[in-house]
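Working notes, structure below.
The values are calculated or read from the model by the stated rules, or taken from the named source; none is laboratory data. All values derive from a computational prediction rather than experimental measurement. Methodologically, a virtual Cβ is constructed for each residue, glycine included, from the backbone with ideal geometry; neighbour enumeration extends over all protein chains shown. For the accessible areas, the whole protein counts, side chains as well, though only heavy atoms, and no ligand, DNA or RNA atoms are used. Shrake-Rupley method; radii C 1.70, N 1.55, O 1.52, S 1.80 Å.
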Amino acid sequence: MASTELRRYDPRWPLLFARERDRVVASLPVVVVVEHFGSTAVPGLEAKPVVDMMASVPDVEGIDEAAVRDLGYRENIEHGMRGRRLFQRDQPRAESYHLHVVPVEGLRDRIEILFRDYLRLHPAAVADYTAAKRQAARDLTGVEYTRAKTASVQRIVDLARAELGLPSVCVWEE
């Protein structure tokens, strides 16, 4: 059975994000803000070498697809996540980039952002999540790897939302 490659935290990841964010903003003027999220956005957390970016825009469907292609991205239309478009840029022998284009409304309350912020502030949660990732990565890839981490992600998101006085929500989109 295949496994998922996890790497030790690389302090270059925020720099790679900043450089790519600047390229995206320069080419897509409708972008309101670009957030770095996912495991590469959390110092000390092991991660797949994928820099996840969340670009908020007024109209998800109105994104300039030609400009996104010119940046080297291709759209993944079978990603299974509601209310967003996902574009991917794979680099040979280097990090890949995922550009999640989402509506600007509700950006601060998005699960991905709350999860990232909670992990950045709670080292014990980073340790727990790292253990869940390592276990899942041993034998799983793709969506199976992601699903295997769901219970850990749910616990952390519940804690993050509770700190903000927000109700619990399911982290797995169906």
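Of these, 169, 126, which one is over 15 Å from the mean Cα position of the chain (by Cα), of a type in the set (Val, Ile, Thr) and more than 17 Å from residue 41 (Cβ to Cβ)? Don't jump to the end; show me each part of the working.
Numbers: 126 fails: more than 17 Å from residue 41 (Cβ to Cβ).
When all the criteria are applied, what remains is 169.
What is the number of the single condition among (1) at pLDDT below 90; (2) closer than 21 Å to residue 36 by Cα; (3) loosely packed, with under 15 Cβ neighbours inside 10 Å that residue 121 does not meet?
The failed condition is (1).
Residue by residue through the range 156-174, note down the ones that are in a helix (DSSP H, G or I) and without any contact (Cβ under 8 Å) to a residue 24 or more places away in the chain.
Kept after step one, since they are in a helix (DSSP H, G or I), are these residues of the range 156-174: 156-163.
Within the range 156-174, 158, 162 qualify.
Open to solvent by 20 Å² or more (accessible area, probe 1.4 Å), out of contact with any His (no Cβ under 8 Å at 6 or more places or on another chain), modelled with pLDDT of 95 or more and of a type in the set (Asp, Glu): does that describe residue 59?
Values: open to solvent by 20 Å² or more (accessible area, probe 1.4 Å): yes; out of contact with any His (no Cβ under 8 Å at 6 or more places or on another chain): yes; modelled with pLDDT of 95 or more: no; of a type in the set (Asp, Glu): yes.
So residue 59 does not fit the description; no.
Going through 82, 147 one at a time, which residue ends up being farther than 25 Å from residue 23 by Cβ and in a loop (DSSP other than H, G, I, E, B)? Write out each step before concluding.
On the way: 147 fails: in a loop (DSSP other than H, G, I, E, B).
Matching residue, one of 82, 147: 82.
Name the single residue that is nearest to residue 148 (Cα to Cα) among those in the range 76-101 being among the aliphatic types (A, V, I, L, M) and modelled with pLDDT under 95. Even if it seems obvious, please write down each step before you answer.
Let us first name the residues in the range 76-101 that are among the aliphatic types (A, V, I, L, M), namely 77, 81, 86, 94, 99, 101.
Among the residues that remain, those that are also modelled with pLDDT under 95 are: 77, 81, 86, 94.
Values: 77: 23, 81: 17, 86: 22, 94: 25 Å.
Going through the qualifying residues, I end up with 81.
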